[in-house]
Amino acid sequence: MKSNEIVIFSVSRTITQRIANVLIERQLEIPVYEFHYSEVLDKASEMITSGSKIIISRGGTAALLRSNLTIPVIEIAHDFHGVYRILQEAKNRSQKIAAVGFPSFCNALRHYQNMTNEDFKICQVYNHYDIESVVKSLSESHYQLVIGGLTVAEMAKKYRLNAVMGDTDTISIEQAINEAFSLLKYINQQHTRATISHAALNQAREGIMCVDHLGQVLTINAAGSRLFQCHVGDKIVTKEAFREIYASIINEQDLQAQPVEINGSLIYISVKNFTHRQACWSIVTGVAQDSALWQSVGNKKGRLRGFTTRYTFADIIGRSEAISATIARARLYAGNALPVTILGETGTGKELFAQSIHHHGDRSQRPFIAINCAAIPENILESELFGYADGAFTGARKGGKPGVFEMAMGGSVFIDEISEAPLSVQIKLLRVLQEQQFTRLGGDALLTADFRLITASNKDLSALVKSGAFRQDLYYRINVLELKLPALRERAADIPLIVQHLLSRQGKTLVFVPDALEALSRHAWPGNVRELQAVVWRLAALLEAGMVDKALLQQIAGIASVSEEGAPPAADANISSDETMLLKKQEKRLIAQVLDKTHGDRTKASIMLGISPTTLWRKLKEHRISG
C-alpha cells in the first residue's frame, strides 16, 4: 500500500531501520527521511506542496515541525523498553552518562529513573541550538558518553564524546502509523465533504460568502464573486458598498434584505452571525433586484436591526395637553444637535421619545444605538461603550471589538438609566463629550467621537448630584436640553386611546363600559404605559370579544379605583374552602391559557399576566403546569 500523503522523519539510523522493518512487515510504502534539523522545515514545506498531509516524527524534530506547520504532526512515543535498551548499551560503555533531549524524551527518562533509581544526568533542551552548549558543558565536566538524537550525536563527535542514539519499540512505531492512517481517513472525508459543499454552494443562484469578525472573506461561491465583487482573502471593510454591512458584523447584529449598490447594481444583502466558543463568523447572502429569487425575499427595504429607529412621533398615542406639549418640545429638540436628557418614571416611553428625536433630526440616516446602564454589569459597561483592543483582557475577542461610540458613526447614542453609570464611567464619558475623542479599552489609538448624545433616567439627576452619586460637571454636559415625560396618571384622558390602539395591534375588539373606563382613569398606574399594556394584553388573551365592566376588570386585571386600592380589606371576609379552590382553578386555567397564547414563552406570559418571571415559575410549579 503506497501513500505519499503520509511521510516519516526519522531522528536516527537505528530508528530508521526499525521503521523500515515495520513497513516491510505491513507491506506499506511510506517515505522515510533523515534530515539535519536545519533542513527539516524546508523539506517539510516541499512535501506539503507536493501533497503530503501528515508527518510522523519524534522528539525535537516533531516539536519543531508542530510549532511551524499547519498540517498534523504525529509523534512516535518514547517507550519504556526503548529507554531501557539505550541505557543498558550506555552503561556497558561508560559509567558517567548524560542524556540530552527534548521534554518528551526527558520525561520518559525521568519516569524510568524514578522506577529504577539508576544514576545518570538528564539535560533538557527546548530547541536544537541549545544542544551544542549543553554537550560542550558535559565534555568540560568530564562526562564520557551522551544519549540523544542525530544532533546530539553530531555534537558529541565534535567534543570527543561517545554517543548512544535513541531507540524505540516497534509497538510505538506501529501506533503512530495507525494513528496517522486514521487521521488521514478523517481528513480525506472532511475534504470530500467540503468539496461537495462548495459544489452545492456554486449551484445556488444567490451570492453566498463567509467572513470572519475582521471582515476577511473566508469562502465565497461563484454567484457571490459576481454579485459582491469579492474574492477569498479580501477585506470587505475596504469596499465602500460594505461599510454599513460590516457595522452589523462587528456588532453581531443580523441583517435582513439591506439594499446595497455595487457597481451600479442594486443588491439586497442579508447577514447571519454565528459564534462558537471564541470563534465568530458571519454568512452574507445577496440577490440582485431583478433576480427571480427576489420575489421570495420580499420587496421591502431592509433595516439594520439595532442601528435604526423603529418609532417616530406618530407612534406616540395621546391627545392630552400634557403629552401634546411634550411632543411639541421634543420636535423642537430634534432639530438641534445638543445633548438631550429625558426624565420620566419607568414605563413612560423614554426610548420611544429618544428614537423619535433621532428620526426627525439631521442624523436620521445614520445609526441609532441604545444601551442601558442598568442592564449591563459594571465590569463590562466600559468595554461596551468604548470598545476594547486586541488582548485588552483575558477572554477578549481576537482583533478587539468596537464600542457603542465607535459604531455610532455620525448617528445618535441613547444611554438609558444614565443614573446607574459608575463614577469611573462618568469620568470617561465627560472626557468624550469635552474632547470629542476617546480610546478603546487597552488601546492607544485616539478615535474621533461623532455622535449626538441622548440620555434618560427615571431618577432625579439633580438630587443625585447633590448627594454626590452623580458628577455635577457631567450633569451640566448632558442636561443641556431637558425633556420631562408626564406619567400616565397625569394624562388619564389618553388611556382610552392607548387601550384601543393596543387592542387593535392584538386584533381584538373589546368595549369598555363607563365604570371600567373610570376605574382605568382613577388607577395610580405605577408602571405607567407598560403596566397598561400588560393589562390590555391580559384581557386580549382571555376574552375573545364582549363588554368589559369594572367587576371584570377587577377580577381579571386587578384594577380598582384609587379609593378602593387604598381601602383596607373587609374584616368579615369569610371565604369558604370551595371558593378558595375555585380561585386556584381559575388561576391555573388563566396561566395555561396565557402560555398557550404565547406558545410557551414564559417571559411574554409573565408580562401578560402582570407578574414577574420568578412568580410565574413558582405558580407553574404550584399548579404542576408543564408550560
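Only the coordinates and a few stated rules stand behind these numbers; no lab work does. Here the structure is a predicted model, which is why all the values come from computation and not from measurement. Cβ placement follows ideal geometry from the backbone for every residue including glycine, while neighbour counts extend to all protein chains displayed.
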Residue order, fewest to most surrounding Cβ atoms within 10 angstrom, among ARG319, ARG522, ARG440
ARG319, ARG522, ARG440
Interchain or sequence-distant (5+) residues whose placed amide H lies within less than 5 Å of the amide H of CYS280 are HIS213
Taking neighbour counts of Cβ atoms within 10 Å as a proxy for exposure, in what order, fewest first, do PHE512, PHE105 appear?
PHE512, PHE105
With θ set to phi - 60°, apply the Karplus curve 6.51 cos²θ - 1.76 cosθ + 1.60 along the stretch 57-65 and write out the HN-Hα couplings as whole Hz, x wherever there is a Gly or Pro.
8, 8, x, x, 5, 4, 5, 5, 5
So if R0 is 56 Å, what FRET efficiency would GLN113 and THR192 give, r being the distance between their Cβ atoms, rounded to the nearest 0.05?
0.75
Is it possible to state the helix-based mean residue ellipticity at 222 nm for the chain, with each DSSP H run of 4+ residues giving -39500 (n - 2.57), the sum divided by total residues, to the nearest 500 deg cm²/dmol? What is it?
-14000 deg cm²/dmol
Under the Kirkwood approximation for Rh and a Cα-based Rg, what ratio Rg/Rh is obtained for the stretch 81-166?
0.92
What are the chymotrypsin sites (Phe, Trp or Tyr not before Pro) within the stretch 125-189 that DSSP puts in a loop, where the Cβ has at most 10 other Cβ atoms within 10 Å?
TYR126
List the residues whose amide H sits under 5 Å from the amide H of ILE122, counting only those 5 or more places along or on another chain, with H placed 1.01 Å from N in the peptide plane.
ALA99
For the stretch 322-409, state which chymotrypsin sites (Phe, Trp or Tyr not before Pro) are in a DSSP loop and have at most 14 other beta carbons lying within 10 Å of their beta carbon.
PHE393
Among the trypsin sites (Lys or Arg not before Pro) within the stretch 92-150, which fall in a DSSP loop and have no more than 15 other Cβ atoms within 10 Å of their own Cβ?
LYS96
Label-reachable residues, the stretch 458-501, where backbone N falls under 13 Å from a point 7 Å from LEU332's Cα toward its Cβ
481-484
Using a simple charge model, +1 on the beta-carbon of Lys and Arg, -1 on the beta-carbon of Asp and Glu, nothing else, what dipole does the chain show about its Cα centre, in debye to the nearest 20?
380
Between ASP315 and LYS484, how high is the FRET efficiency from 1/(1 + (r/R0)^6) when r is the Cβ-Cβ distance and R₀ = 25 Å? Nearest 0.05.
0.80
Ellipsoid equivalent to the stretch 1-145 - semi-axes via the Cα gyration tensor, in Å
30, 18, 13
Do you know the Lys pair count in the stretch 65-215 for C-alpha distances under 14 Å, with sequence separation 8 or more or different chains?
4
Roughly how many nanometres apart are two label points built 7 Å out from the Cα toward the Cβ at ASP42 and PHE80?
4.3
Mind jotting down a quarter of the surface of the convex hull over the alpha carbons of the stretch 134-241, in square nanometres, one decimal?
13.0
Against the empirical 2.2 N^0.38 Å scaling, what ratio does the C-alpha Rg of the stretch 419-518 come to?
1.68
Subtracting the Cα-Cα distance from 0.36 nm times the residue separation, let me have the gained length for LYS459 to GLU587 in nm, one decimal.
42.5 nm
Can you list residues from other chains, or at least 5 along the same chain, whose modelled amide H is less than 5 Å from the amide H of PHE35?
SER10
Of ILE6, ILE131, ILE122, how do they rank once you tally other Cβ atoms within 10 Å and put the fewest first?
ILE122, ILE6, ILE131
Along the stretch 361-374, what does the Karplus equation 6.51 cos²θ - 1.76 cosθ + 1.60 (θ = phi - 60°) give for ³J(HN,Hα), rounded to whole Hz, x for Gly and Pro?
x, 5, 9, 4, 8, 9, x, 10, 10, 10, 9, 10, 5, 7
Note: probe point = Cα of THR16 + 7 Å toward Cβ; backbone nitrogen < 19 Å; residues of the stretch 150-170 passing the test are 150-158, 163-170
Theoretical FRET efficiency, 1/(1+(r/R0)^6), r = Cβ-Cβ of THR346 and GLU240, R0 56 Å, to 0.05
0.85
With only alpha-carbon atoms in the gyration tensor, what are the semi-axes of the equivalent ellipsoid for the chain, in Å, largest first?
70, 31, 29
Tell me, Kirkwood radius of the stretch 330-452 from alpha-carbon pair distances, in Å?
15.2
Could you work out the local net charge near TYR186, counting Lys and Arg as +1, Asp and Glu as -1, over the other residues with Cβ closer than 12 Å to its Cβ?
+2
